[in-house]
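Here the structure comes first, spelled out in structure tokens, and everything after it is commentary.
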Amino acid sequence: MGELEGKIAIVTGAAKGFGLASTKAFIDEGAKVVMTDVDDTEGQKQAEQFGDKAIFIKQDVSDEASWPEVFKKAEETFGPVNVLLNNAGILLFDNAEDVKMEDFHKILSVDLDGVMLG
Ligand SMILES: NC(=O)c1ccc[n+]([C@@H]2O[C@H](COP(=O)([O-])OP(=O)(O)OC[C@H]3O[C@@H](n4cnc5c(N)ncnc54)[C@H](O)[C@@H]3O)[C@@H](O)[C@H]2O)c1
């Protein structure tokens, strides 16, 4: 029996990278997973490989209004949520002098606001 047998998980940023790998690992351990990402083309495509063990919902984690919708759909599909992996994140590598405040605030909105909202 897997360590997440019967658990319902939300994984953000699940279309690729750590989020997709975590989705696979969670499913291997018995969980059902709600995958979310801003990239709905890749997210939808990746979710198909998991059959009835995963669904995909398009979500920008920095959008406060998106969160109740994601939890509602998760509960309607699989039941009450037990696990949340706040994985979605963006990075910017640049000299501090060259970073535009607009880009800095975008990073904060995804990496901080998005996690707090979740
Ligand atoms: N790769 C590394 O070495 C590393 C190291 C430390 C921390 N991290 C963190 O781990 C997380 C995943 O890293 P990764 O390498 O798999 O990243 P990645 O760029 O491969 O994947 C991130 C996913 O998040 C999605 N995403 C971006 N903005 C989003 C938003 N606003 N709402 C929802 N989804 C959004 C992207 O579309 C993408 O599918 C990130 O938070 C990253 O900062 C990564």
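The values are calculated or read from the model by the stated rules, or taken from the named source; none is laboratory data. Keep in mind that this is a model prediction, so the values were computed, not measured. With ideal geometry, Cβ positions are generated from the backbone for all residues, glycine too; neighbour counts draw on all protein chains shown. Calculation scope for accessible area: heavy atoms of the full protein, side chains included, ligands and nucleic acids excluded. Shrake-Rupley method; radii C 1.70, N 1.55, O 1.52, S 1.80 Å.
Could you give the accessible area per residue of the chain, probe 1.4 Å, as a whole number in Å²?
Heavy-atom SASA per residue in the chain reads 61 Å².
Between L112 and Q49, what length comes free when the chain is fully extended (0.36 nm per residue of separation minus the Cα-Cα distance, one decimal in nm)? Numbers along the way, then the final one.
On the way: separation 63, 0.36 × 63 = 22.68 nm, distance 3.05 nm.
Contour length minus Cα-Cα distance gives 19.6 nm.
Summarise the accessible area of the chain (1.4 Å probe, protein heavy atoms) by the percent that is carbon and sulfur.
Looking at the chain in its full context, I get 53 percent from C and S.
Given the options G13, G43, G51, which has the most mean-square fluctuation in a GNM of the chain, springs set between C-alpha atoms less than 10 angstrom apart?
G51
Suppose only helical runs count, i.e. DSSP H with n ≥ 4. What mean residue ellipticity at 222 nm does that imply for the chain under -39500 (n - 2.57) per run, divided by all residues and rounded to the nearest 500 deg cm²/dmol?
Computed ellipticity for the chain at 222 nm equals -11000 deg cm²/dmol.
Kindly provide the trypsin sites (Lys or Arg not before Pro) of the stretch 1-101 that DSSP labels as loop, not H, G, I, E or B, and whose Cβ sees at most 10 other Cβ atoms within 10 Å.
Counting only loop positions with at most 10 other Cβ atoms within 10 Å, the trypsin sites (Lys or Arg not before Pro) in the stretch 1-101 are K100.
Cα convex hull of the chain: how many Å³ per residue?
Spread over its residues, the Cα hull of the chain gives 102 Å³ apiece.
Which of L20, L91, L108 moves most in a GNM of the chain, Cα contacts under 10 Å?
Evaluated over the chain, the most mobile residue of the options is L91.
Can you tell which of V70, V99, V11 shows the greatest fluctuation in a Gaussian network model of the chain with Cα springs below 10 Å?
In the Gaussian network model the winner is V99.
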